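Reading through the structure tokens given below for one structure.
The values are calculated or read from the model by the stated rules, or taken from the named source; none is laboratory data. Remember, it's a predicted structure, so these values are computed and weren't measured experimentally. When we count neighbours, we look across all protein chains shown, and the Cβ atoms used for this are built from the backbone with ideal geometry, even at glycine.
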Amino acid sequence: MNNLKDIKIMILTDSVGNPRSFPAEDAVSVEESYPYLLRDEFKNAVFWQLSYGGMEAQDIINSAIGYLNDWKPDIIIVQLGIIDCRTEALSEFQKLIITKFSGPFFKFIKKHLYNPKLIKNRKLTRVSKSKFKKVITKLSMVFEHSKILWLEISINPAYENARPGTIKRVANYNKIILDALDNELVLVQNILLDNNGFNSDNLHVNKIGHILIAKELKFSIDNYIHSNFEKK
């Protein structure tokens, strides 16, 4: 395939890939988000994107598999995993039960649901390591001919103050991605830290962060195109 108009790119992200209107100093418009910066760089490519905040990797990946398993994208960009691995005070089932009841005890729990002390004491994880790996393997198997560019799960170390234990979990889950994808991972954490790319919540990225991520992905995409589509 030598016609670059035939390049198909799928983007699967959590809220980090989305624009943000708050806080004002960290605001990022749709056009400033890295998926749209990539559209500007690769104008002849066909893009499909699914970006949804607060979703586990399996939910977004299963949706892509369910609707586009026959699309055969050339490149799949993934930025998922922080929701799966960050520390939690309660399980999703426990949260569901709490929302269905009222009374002093349940009001107290709701109020302290994101209390760092409670999170530190409980240190639960929404998705187990084995389940997370199975999701990555499933994506690789269904889209076996696609180049998967999985972005490193990245946080500002200060995020640890809000969710104690998350730094270690992030390292462990990045290792799972590396193992599942034969040591391929788009590294962005240090680049974001060195260039003030995180916003004030220490999880999402600001305008600078989106530019930096787009730059790293452009480099990877250019290399892939050069190796697979351009005439030698």
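Results, tabulated for the structure shown:
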read-out: Selection count where residues are farther than 23 Å from Glu144 by Cβ and loosely packed, with under 13 Cβ neighbours inside 10 Å, scope the stretch 172-190; value: 2
read-out: Test set (1) within 23 Å of Asn18 (Cα to Cα); (2) in a loop (DSSP other than H, G, I, E, B); (3) without any contact (Cβ under 8 Å) to a residue 24 or more places away in the chain - Ser63 fails condition number; value: (2)
read-out: Selection within the stretch 196-211 - touching a residue at least 60 places away in the same chain (Cβ under 8 Å) and among the β-branched types (Val, Ile, Thr); value: Val205, Ile211
read-out: Lone unmet requirement of (1) assigned to a helix (DSSP H, G or I); (2) modelled with pLDDT of 95 or more for Ser227; value: (2)
read-out: Residues (among the β-branched types (Val, Ile, Thr) and in a helix (DSSP H, G or I)) located in the stretch 174-224; value: Ile176, Ile177, Ile191, Ile208, Ile211, Ile213, Ile221
read-out: Residue check for Tyr67: among the hydroxyl-bearing types (Ser, Thr, Tyr) and either within 17 Å of Lys8 (Cβ to Cβ) or under 17 Å from the mean Cα position of the chain (by Cα) (or both); value: yes
read-out: Lone unmet requirement of (1) outside any helix (DSSP H, G or I); (2) without any contact (Cβ under 8 Å) to a residue 40 or more places away in the chain for Pro164; value: (2)
read-out: Test: Ile153 is touching a Leu at 6+ places or on another chain (Cβ under 9 Å) and without any contact (Cβ under 8 Å) to a residue 24 or more places away in the chain; value: no
read-out: One residue from Lys72, Lys95, Lys100, Lys43 being within 15 Å of Ile221 (Cα to Cα), modelled with pLDDT under 95 and of a type outside the set (A, V, I, L, M, F, W, C); value: Lys43
read-out: In the stretch 115-132, residue nearest to the chain's Cα centre (by Cα) [restricted to those that are of a type in the set (D, E, K, R) and not in a helix (DSSP H, G or I)]; value: Arg126
read-out: Ser154, sole failed condition from (1) over 14 Å from the mean Cα position of the chain (by Cα); (2) small (Gly, Ala, Ser); (3) crowded, with 17+ Cβ neighbours inside 10 Å; value: (1)
